[in-house]
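The values are calculated or read from the model by the stated rules, or taken from the named source; none is laboratory data. Remember, predicted model here, so these are calculated numbers, not experimental data. FYI the Cβ positions are ideal-geometry reconstructions off the backbone, even for glycines, and counts take in every protein chain you see.
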Amino acid sequence: MDKSAPKAIHLKDYAPPPYLIDTVDLTFDLGEEVTRVRSSLQLRANPVRLPDGAPVPLVLDGQELKLVSLAIDGRTLEPAEYAIGPESLTIFDPPAAFALEVETELKPQENTSLEGLYRTSGNFCTQCEAEGFRKITYFLDRPDVMARYRTTITADALKYPVLLSNGNLVAASKMGHDGRHTVTWEDPFAKPCYLFALVAGVLVHVEDSYVTRSGRTVTLRIYVEPGNQDKCDHAMRSLKKSMAWDENVYGLEYDLDIFMIVAVGDFNMGAMENKGLNVFNTKYILARPESATDTDFLGVEAVVAHEYFHNWTGNRVTCRDWFQLSLKEGLTVFRDQEFSSDLNSRPVKRIADVQRLRAAQFPEDSGPMAHPIRPDSYIEINNFYTTTVYEKGAEVVRMIHTLLGAEGYRKGIDLYFERHDGQAVTCDDFVAAMEDATGKDLSQFRRWYSQAGTPELDISGEYDGHGRTYRLTVRQSCPPSPGQPVKQPYHIPLALGLLDPQGADIPLRLKTEDVPKGTSRVLDVTEAEQVFEFADVPAPPVPSLLRGFSAPVKLRMSYTDDDLTFLMANDSDAFNRWEAGQTLGTRLLLGLVEDRAAGRPLELSRGFLDALDKILNDPALDHAFAAQALTLPSEGYLGQQMPVIDVDGIHEVRGFARKAIAAHLRDDLLSTYRALGGNEPFAIDAAIGRRSLKNLALGYLMSLEDAEAVELCVGQFHNAHAMTDVIAALGLLNDTHLPQRDAALARFYETWKNEPLVVDKWFSIQAMSERPETLAEVRSLLNHPAFEIRNPNKVYALIGGFAGGNAVRFHDSSGAGYEFLADQVLTLNGLNPQVASRMVKLFARWRKYDDRRQAFMRAQLERIVGAPNLSPDVFEIASKSLQ
Ligand code: PHE
Ligand code: ZN
């Protein structure tokens with residue numbers, strides 16, 4: 001690393017702030033060329049750090065700001081009394097308590113990073129998490145500095161009729177002679193600056209209200225660009241459901257008179273929980289059946305809930321420092337997952353969440369960027385909004401819930417709020433509340449916060465017919481990760497059951513117990529090796545392990561193929577019925593990859609085909625569940641199971657298996673398709689499951705590319721009402737060389753060219769085509785008039801779709817895909833480092849490929865690390881990937 005390489009920040013160096021800020025009074029003068037920000041702060045020395053007053057300088061964070069004036073208690077400071085650095089403003093000798101007035105200027109119209117104050121579609125918008133507030137004004141930009149805010153906004157009344165900030169509106173002026181108007185907002189709750197927000201522009205809103213259980217009426221508003229009012233119903237309904245759910249399940253009520261959401265087209269992430277003024281990516285607000293898929297609808301419901309839930313888990317109780325990010329994110333993801341499970345099908349939701357964890361988090365946890373859910377260090381905090389902090393973090397909270405039970409967990413949550421409302425705290429404070437409320441010892445469990453890597457469970461079972469006992473031997477281990485060569489054993493909740501030969505659950509009594517404790521129970525696995533012995537087991541059982549995926553681990557158990565088909569058919573735990581099919585499918589497909597490599601003929605096992613047949617023809621099965629159970633493990637998941645990922649082998653073999661299944665089940669697939677294929681009116685209910693099973697059937701049929709399937713597919717594309725069905729058909733045509741493919745893509749674009757979110761789908765579908773021409777097409781789509789490299793959604797759709805969603809084309813052995821991605825990373829680096837960093841992460845797993853591909857990817861990473869003006873965001877990912 002050269003001298004100019006950005007430095008890492010360490011958790012162990014945490015120290016409380018030397019100064020505290022009690023109140024913040026902001027005045028924004030929004031302009032086309034220059035925006036002026038006046039900030040009046042009430043500061044005082046922090047008694048924890050400076051018990052005798054204020055002997056240390058005050059160092060405020062600030063970036064890309066022009067300082068206009070600076071005064072303490074009304075006196076303008078002399079130049080010798082302060083210093084301005086590239087990222088700070090230091091006041092050498094402040095008093096122990098004082099008012100600071102800082103006036104700065106900035107140019108939001110030039111801000112392409114979408115962090116701080118920026119423009120989107122002509123409007124003004126802010127994004128302050130994690131450290132964007134320092135791009136607005138000089139401040140102690142850290143979450144343990146909590147203050148009460150008052151915000152005044154002045155702007156042209158015609159260009160910016162709507163002026164919003166956090167809290168309650170306390171004053172508004174009519175348009176003055178200068179054509180400008182002014183409003184003032186006041187937020188009664190102390191908050192860290194990352195929760196500050198301001199929005200100004202031409203926006204329309206839909207309004208509703210919610211009466212809290214204590215009887216207060218809250219105004220609910222969703223602000224969108226004109227023309228989008230008709231796409232807010234689902235988000236508004238989701239918001240009201242979230243408010244009710246949090247009252248019922250957590251006893252938590254909303255605390256302001258108004259709750260506002262603004263949807264913007266240019267946003268790096270999904271959404272942001274600013275106090276009383278959530279800002280959303282349009283993708284997670286706008287939804288109508290004609291233009292949004294079922295997945296989009298479920299995404300809106302989940303993200304609206306997630307941000308709303310942050311009002312308590314994140315805002316009322318916030319993080320002491322950014323190493324504690326999972327305190328709010330893991331907990332809030334767990335809350336939104338449970339919300340969605342309560343509203344929809346619990347097993348189907350659990351399967352989707354586990355698929356997501358395995359597809360994204362497991363690879364992260366075994367690669368160069370592996371970190372604990374509470375990282376020890378970072379160079380750029382924006383790089384740590386990871387699937388580990390979020391999704392693995394949620395699994396850790398889920399395990400606490402499993403270990404304590406729903407009631408114990410709720411007691412812990414209640415104590416957490418009783419102790420910490422209004423504070424900035426740590427993950428450890430959360431765990432301590434859980435322990436103190438229940439008496440459960442979670443000291444070993446805390447290793448989930450400090451150790452990275454996915455633990456592995458090796459389980460074997462032994463039946464003793466004489467003693468009618470069944471012994472389970474459980475071994476755990478965890479592979480090394482960067483900076484952590486050796487891991488201590490985890491405390492793992494292992495939920496399990498034992499199935500008798502008829503498929504019924506056996507009552508579970510450990511040899512040390514007098515009476516059985518149910519037929520599904522949670523064992524505490526704490527040792528590197530541990531034996532559990534069950535009594536009164538009448539016949540050799542088939543164990544159903546890790547029910548509901550009770551811990552984020554990899555499970556190895558020597559099941560026979562017959563055991564797995566037995567579990568697929570009989571397990572009372574729906575998740576494990578699905579899991580057994582995936583385990584069997586993975587085993588068979590990996591066997592076929594080996595067969596292909598050895599030049600042996602490919603053949604799919606009869607037993608597996610029969611098991612799939614049973615699922616397809618089981619009238620009792622939930623349709624959405626059946627669709628998941630009939631889906632083969634993804635190419636990405638199969639790749640993770642190989643020491644060296646055979647990209648082409650996996651792609652070919654999975655395609656072969658799909659065809660073999662389709663040929664075997666053709667008639668049943670056709671009748672399933674016909675039975676479910678009615679063009680029914682749209683609803684977000686069981687119809688989602690019907691559509692997914694129907695489209696799964698269509699997908700299998702299309703793999704045969706016969707005339708009948710193509711006709712059904714083209715017909716569906718043209719006639720379907722729901723976007724889910726249109727997209728499913730288009731996605732299938734997209735992989736073919738049929739003449740109907742280009743016609744369908746052209747027609748889709750013509751129909752939807754004025755809907756940016758639908759155009760994103762059009763970009764990503766093409767980027768994910770398995771056709772050999774795809775890279776050339778993606779390159780030319782970069783020049784399409786609808787593509788905009790400054791818009792994150794467009795980048796994620798086209799560049800992300802190709803490099804992250806199209807393994808066989810991205811990893812083309814020519815290396816052309818890698819060069820393409822590196823080119824884009826370097827372009828984005830200068831525009832939007834956060835987006836660039838997300839893209840460069842797609843190289844992180846380069847060591848999992850063969851030598852030739854490794855050499856190509858390594859060369860591109862080196863090219864990136866050597867590029868001039870590299871952002872810390874991209875530098876951190878690229879350099880750590882090469883280590
Ligand atoms: N805090 C947001 C969430 O998870 C995510 C986010 C992080 C958004 C940083 C913008 C910037 O809900
Ligand atoms: Zn969040």
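Pick from Arg577, Arg606: which is within 15 Å of Pro633 (Cα to Cα) and either basic (Lys, Arg) or more than 33 Å from the chain's Cα centre (by Cα) (or both)?
Going through Arg577, Arg606 in turn, just one is within 15 Å of Pro633 (Cα to Cα) and either basic (Lys, Arg) or more than 33 Å from the chain's Cα centre (by Cα) (or both): Arg577.
Looking at (1) within 16 Å of ligand 2 (Cβ to nearest atom); (2) in a helix (DSSP H, G or I); (3) of a type in the set (A, V, I, L, M, F, W, C), can you tell me which one Phe280 breaks?
Among (1) within 16 Å of ligand 2 (Cβ to nearest atom); (2) in a helix (DSSP H, G or I); (3) of a type in the set (A, V, I, L, M, F, W, C), Phe280 violates only (2).
When you check Glu594 against the structure, is it part of a helix (DSSP H, G or I) and surrounded by 23 or more Cβ atoms within 10 Å (Cβ to Cβ), yes or no?
Answer is no for this residue.
Given the conditions (1) closer than 30 Å to Val145 by Cβ; (2) out of contact with any Ser or Thr (no Cβ under 9 Å at 6 or more places or on another chain), report the number of the one that Arg410 does not fulfil.
Result: Arg410 fails condition (1) only.
When the residues of the stretch 311-328 are filtered to those that are part of a loop (DSSP other than H, G, I, E, B) and away from ligand 1 (no atom under 13 Å from the Cβ), which remaining residue is nearest to Glu131 (Cα to Cα)?
Once the filter is applied, the top-ranked residue is Asp321.
For the stretch 152-168: of the residues being in contact (Cβ under 8 Å) with a residue 60 or more places away in the chain and under 32 Å from the mean Cα position of the chain (by Cα), which is farthest from Thr318 (Cα to Cα)?
If we take residues in the stretch 152-168 being in contact (Cβ under 8 Å) with a residue 60 or more places away in the chain and under 32 Å from the mean Cα position of the chain (by Cα), then Val162 is farthest from Thr318 (Cα to Cα).
Can you say whether Val354 is of a type in the set (A, V, I, L, M) and within 15 Å of ligand 2 (Cβ to nearest atom), as far as the supplied structure shows?
For Val354, the condition - of a type in the set (A, V, I, L, M) and within 15 Å of ligand 2 (Cβ to nearest atom) - is not met.
Name, by its number, the condition in (1) part of a helix (DSSP H, G or I); (2) farther than 18 Å from Gly636 by Cα that does not hold for Ser814.
Tallying (1) part of a helix (DSSP H, G or I); (2) farther than 18 Å from Gly636 by Cα, Ser814 fails exactly one: (1).
Looking at the stretch 293-310, which of the residues that are more than 15 Å from Ser341 (Cα to Cα) and acidic (Asp, Glu) is farthest from ligand 1 (Cβ to nearest atom)?
Asp294
Hey, can you tell me all the residues within the stretch 441-460 that are surrounded by fewer than 16 Cβ atoms within 10 Å (Cβ to Cβ) and in contact (Cβ under 8 Å) with a residue 24 or more places away in the chain?
Gln444, Glu456, Asp458, Ser460
Looking at Glu338, Glu407, Glu380, can you tell me which residue is on the phi < 0 side of the Ramachandran plot, of a type outside the set (Phe, Trp, Tyr) and under 16 Å from the mean Cα position of the chain (by Cα)?
Going through Glu338, Glu407, Glu380 in turn, the sole match is Glu338.
Scan Glu711, Glu705 and give me the residue that is farther than 19 Å from His623 by Cβ and at pLDDT below 95.
Glu705
List pairs: first in the stretch 388-415 and within 16 Å of ligand 1 (Cβ to nearest atom), second at pLDDT 95 or above and among the basic types (Lys, Arg), Cβ under 8 Å, 6+ apart or cross-chain?
Glu391/Arg356
Given the conditions (1) within 16 Å of ligand 2 (Cβ to nearest atom); (2) over 16 Å from Lys328 (Cα atoms); (3) aliphatic (A, V, I, L, M), which single one is not true for Ala394?
Ala394 satisfies every listed condition except (2).
Taking the condition of being farther than 14 Å from Phe534 by Cα and touching a Phe, Trp or Tyr at 6+ places or on another chain (Cβ under 8 Å), how many residues in the stretch 462-482 meet it?
2
For the subset of the stretch 461-481 comprising residues that are among the polar types (S, T, N, Q) and farther than 18 Å from Leu555 by Cβ, which member is surrounded by the fewest Cβ atoms within 10 Å (Cβ to Cβ)?
Thr469
Are there any pairs with C-beta distances below 9 angstrom linking a residue in the stretch 303-323 that is touching a residue at least 24 places away in the same chain (Cβ under 8 Å) and among the polar types (S, T, N, Q) to a residue that is part of a helix (DSSP H, G or I) and near ligand 1 (Cβ under 10 Å from one of its atoms), with the two at least 6 apart or on different chains, and if so which?
Here the result reads Asn315/Leu195; Asn315/Lys328; Thr318/Tyr194; Thr318/Leu195; Thr318/Lys328, each pair linking the stretch 303-323 to a residue that is part of a helix (DSSP H, G or I) and near ligand 1 (Cβ under 10 Å from one of its atoms).
Which one is farthest from Asp524 (Cα to Cα) among residues in the stretch 394-447 that are part of a loop (DSSP other than H, G, I, E, B) and among the charged types (D, E, K, R)?
Among residues in the stretch 394-447 that are part of a loop (DSSP other than H, G, I, E, B) and among the charged types (D, E, K, R), the one farthest from Asp524 (Cα to Cα) is Asp421.
Using beta carbons and a limit of 9 Å, which pairs, at least six apart or on different chains, have the first residue in the stretch 137-151 and among the aromatic types (Phe, Trp, Tyr) and the second one at pLDDT 95 or above and assigned to a loop (DSSP other than H, G, I, E, B)?
Listed pairs, sorted by first residue: Tyr138/Gly62; Tyr138/Leu65; Phe139/Gly62; Phe139/Val145; Tyr149/Asn166; Tyr149/Gly167; Tyr149/Phe196; Tyr149/Lys275.
Looking at Asp255, Asp246, which one is touching a residue at least 60 places away in the same chain (Cβ under 8 Å), in a helix (DSSP H, G or I) and closer than 18 Å to Glu273 by Cβ?
Only one candidate passes the filter, namely Asp246.
Just to be sure I understand, how many residues within the stretch 520-556 are surrounded by fewer than 16 Cβ atoms within 10 Å (Cβ to Cβ) and in a loop (DSSP other than H, G, I, E, B)?
Looking only at that region, the number is 7.
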